[in-house]
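All remarks here apply to the structure that follows.
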Amino acid sequence: MAPSTRPATNRRRLFLGLAVAGCGGLALAAAWQEGTKPYIYKGFKPDPSLELSWQVAIVLRKTPDAIRCGGAVIASRWVLTAAHCSDGIDASDVRVIANTRNLKDPARTVRRVNELETYYHQGLEYSASSRRFDAALLKLDQPIAAKPLELASAAEASLDAVGAKAQVFGWGITESGVFSTDLLAANVTIHPGATCQASGPGIPPLADTLMICAGGNVEDACSGDSGGPLVAELGGRQFVIGIVSRGVDCAKHQGAGIYTRVRALSTWISTMRAKHADPGEIEQR
């Protein structure tokens with residue numbers, strides 16, 4: 001069924017909201033709930049040879065040194081991120097930083113975000129209070145010269161199965177309490193949903209077809225680096241399998257983080273890209 005729409009009440013809304021189950025969280029620039037950890041915990045710098053041009057940082061114009069969220073380029077003008085990253089912000093204030101592993105790099109690419117309406121899937125919408133449906137798309141004003149991440153589909157179901165290995169990336173606040181200038185990575189393993197539910201109070205049962213529970217013994221990402229991609233490889237190809245949504249105490253207690261499962265989004269993403277393509281526009285992979 002094609003996504004439904006409703007008239008926009010704010011023409012400067014940033015994101016295309018997506019009705020897929022997510023389990024809440026707050027953006028890095030906001031106040032964090034007690035017990036959550038807004039960072040890549042004990043992360044490491046990725047191998048310089050690893051293709052990471054798809055990784056972006058989302059910042060605000062007035063506070064460019066404070067990372068709002070992460071995201072992933074999935075087409076030349078499209079970025080996949082978390083819906084909660086749009087809370088309380090205006091599209092005109094948003095900047096997307098790309099083509100760099102170091103946020104201070106003068107050669108980095110900076111893009112603005114087009115004005116977009118917010119869309120709803122089958123009458124449902126992202127809820128800021130419950131943090132359900134935590135996934136979103138944003139369209140940039142100009143293309144980014146990056147190799148897009150491929151979207152995991154049913155053919156790549158093994159990548160987000162329990163026991164599979166993946167990596168998560170971001171520039172969020174580190175265990176030292178400051179934002180990382182350098183892009184960091186963490187190795188994680190996919191766990192049963194019950195593992196995340198047991199990580200702390202207030203975590204509801206996960207809808208395993210729509211969410212991913214993942215974590216590591218030492219390295220991890222929790223609520224932080226929100227919107228950033230959970231990435232796995234298959235046959236030399238990189239796939240985004242999840243979107244950072246929330247975590248509770250994560251690596252500190254060998255817990256895990258909650259991710260929106262990308263495999264459940266592929267039809268919606270394709271529909272939105274086609275619906276919002278500019279006249280004559282040809283999206284390049």
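Seen from Arg263, the other residues with C-beta closer than 13 Å to its C-beta sum to a net charge of -3, counting Lys and Arg as +1 and Asp and Glu as -1. On the beta carbon distance between Ser153 and Leu50, with R0 = 25 Å, the FRET formula returns roughly 0.65. From the cross-link list Lys45/Lys275; Lys147/Lys275; Lys104/Lys139, which pairs have alpha carbons spaced over 30 Å apart? Over 30 Å apart, Cα to Cα: Lys45/Lys275.
Since every read-out is calculated from the coordinates, none of them should be taken as a lab result. As the structure is a computational prediction, the values presented were derived from the model and not from experiment. Glycine also receives a Cβ, built like all others from the backbone with ideal geometry; neighbour counts cover every protein chain displayed.
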